[in-house]
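A.B. asks: Structure provided below as structure tokens; questions to follow.
The values are calculated or read from the model by the stated rules, or taken from the named source; none is laboratory data. This structure is a prediction, so every number in the text was calculated from the model and none was measured. Note that each Cβ is placed from the backbone with ideal geometry, even for glycine, and that neighbours are counted across all protein chains shown.
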Amino acid sequence: MDVWLELVTLLIPGFNDSEDELKRLTAFVAGVSPDIPWHVTAFHGDYKMTAPSNTTPQMLHRAAAIGAAAGLRYVYAGNLPGRVGNLEDTQCPQCHEVLIERHGYLIRGYHLTARGDCPSCGFRIPGRWSDVFTEQRLAFPMRVQFLPADQTS
């Protein structure tokens, strides 16, 4: 169908962070394709959901390790810029060269060939690629202002 798919899981402590649930989720995804990128992101209490504690970097590392053990090749941790080590970056699954360096939403380095190959070992990285990274759209997440229902018109 020529559709690129990536999955995002908001990791909420005490809600969807059990080892069993993460193992079943990542085993299913890896069974569809180990090349589907999985982004496990940190929850922080806000608005109407403030009761659970915030997701820690250690919780994201644990979830990412479960995803990697299930066979997923592209596991990312997010929503805690600079606090999850190399889990923000895209690495070659064959030689482990850093191919795309990130800090949150900011792309700090782009090291792929025009075809999406690792320049060090030639491993083909699945996805949609360009010969060079040419545009940074956002360095920070967008801020959305929600208005009360009676002020939305």
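A.B. asks: For residues that are more than 22 Å from Arg128 (Cβ to Cβ) and surrounded by fewer than 15 Cβ atoms within 10 Å (Cβ to Cβ), tally how many sit in region 18-43.
C.D. replies: The qualifying residues number 8.
A.B. asks: Which members of region 36-69 meet the condition of being among the small types (Gly, Ala, Ser) and within 15 Å of the chain's Cα centre (by Cα)?
C.D. replies: Those that are among the small types (Gly, Ala, Ser) and within 15 Å of the chain's Cα centre (by Cα): Ala42, Ala63, Ala64, Ala65, Gly67, Ala68.
A.B. asks: Just one of (1) modelled with pLDDT under 95; (2) assigned to a loop (DSSP other than H, G, I, E, B) trips up Gly122, so point out which.
C.D. replies: Against the list (1) modelled with pLDDT under 95; (2) assigned to a loop (DSSP other than H, G, I, E, B), Gly122 comes up short only on (1).
A.B. asks: Within region 1-13, work out how many residues are part of a loop (DSSP other than H, G, I, E, B) and under 20 Å from Gly78 (Cβ atoms).
C.D. replies: 5
A.B. asks: Could you list, in sequence order, the residues of region 1-18 that are farther than 12 Å from Leu60 by Cα and either in contact (Cβ under 8 Å) with a residue 24 or more places away in the chain or in contact with a Leu (Cβ under 7 Å, 6 or more places away or on another chain) (or both)?
C.D. replies: Trp4, Leu5, Glu6, Leu7, Val8, Gly14, Phe15
A.B. asks: Sticking with this structure for a sec: Residues in region 88-99: is at least one under 30 Å from Asp46 (Cα atoms) and either without any contact (Cβ under 8 Å) to a residue 24 or more places away in the chain or not polar (S, T, N, Q) (or both)?
C.D. replies: Taking every residue of region 88-99 in turn, at least one turns out to be under 30 Å from Asp46 (Cα atoms) and either without any contact (Cβ under 8 Å) to a residue 24 or more places away in the chain or not polar (S, T, N, Q) (or both).
A.B. asks: I would also like to ask the following. Find all pairs meeting these conditions: Cβ atoms under 8 angstrom apart; at least six residues apart or on different chains; first residue within region 71-87 and outside the structural domain of Val8 (by TED's automatic domain parsing); second residue in a loop (DSSP other than H, G, I, E, B) and polar (S, T, N, Q).
C.D. replies: none
A.B. asks: May I ask you to list the residues in region 64-107 that are surrounded by 15 or more Cβ atoms within 10 Å (Cβ to Cβ) and under 14 Å from Ala30 (Cα atoms)?
C.D. replies: The answer is Ala64, Ile66, Gly67, Ala68, Ala70, Leu72, Arg73, Tyr74, Val75.
A.B. asks: Being hydroxyl-bearing (Ser, Thr, Tyr), out of contact with any helix residue (DSSP H, G or I) (no Cβ under 7 Å at 6 or more places or on another chain) and part of a strand (DSSP E or B) narrows it down to one residue among Thr113, Thr134, Thr41; which is it?
C.D. replies: Only one candidate qualifies: Thr41.
A.B. asks: So which pairs qualify, if the first residue must be in region 39-59 and farther than 14 Å from Asn79 by Cβ and aromatic (Phe, Trp, Tyr), the second must be at pLDDT 90 or above and not in a strand (DSSP E or B), the Cβ gap must be under 9 Å, and the two must be at least 6 apart or on different chains?
C.D. replies: From region 39-59, no pairs qualify.
A.B. asks: Evaluate region 4-17: report whether one residue or more is within 15 Å of the chain's Cα centre (by Cα), crowded, with 20+ Cβ neighbours inside 10 Å, more than 30 Å from Val132 (Cα to Cα) and not polar (S, T, N, Q).
C.D. replies: First pass over region 4-17, keeping only residues within 15 Å of the chain's Cα centre (by Cα): 4-11.
Restricting the remaining residues to those that are crowded, with 20+ Cβ neighbours inside 10 Å gives 11.
Add one more test, that the residue is more than 30 Å from Val132 (Cα to Cα), and what stays is 11.
Remaining after also requiring not polar (S, T, N, Q): 11.
Yes: region 4-17 contains one or more residues that are within 15 Å of the chain's Cα centre (by Cα), crowded, with 20+ Cβ neighbours inside 10 Å, more than 30 Å from Val132 (Cα to Cα) and not polar (S, T, N, Q).
A.B. asks: Please go through region 74-103 and give me each residue that is part of a loop (DSSP other than H, G, I, E, B) and charged (D, E, K, R), ordered by number. Break it down into steps so the answer makes sense when it comes.
C.D. replies: Filtering region 74-103 for residues part of a loop (DSSP other than H, G, I, E, B) gives 74, 79-84, 89, 92-97.
Those that are part of a loop (DSSP other than H, G, I, E, B) and charged (D, E, K, R): Arg83, Asp89, Glu97.
A.B. asks: Further question: Let me spell it out: the conditions are (1) over 19 Å from Pro34 (Cβ atoms); (2) among the small types (Gly, Ala, Ser); (3) part of a loop (DSSP other than H, G, I, E, B), and Gly71 meets all of them except one. Which number is the exception?
C.D. replies: Status for Gly71: all satisfied but (1).
A.B. asks: Restricting attention to region 125-153, which residues are closer than 22 Å to Trp4 by Cα and at pLDDT below 90?
C.D. replies: Within region 125-153, Arg128, Trp129, Ser130, Asp131, Val132, Phe133, Thr134, Glu135, Gln136, Arg137, Leu138, Pro141 qualify.
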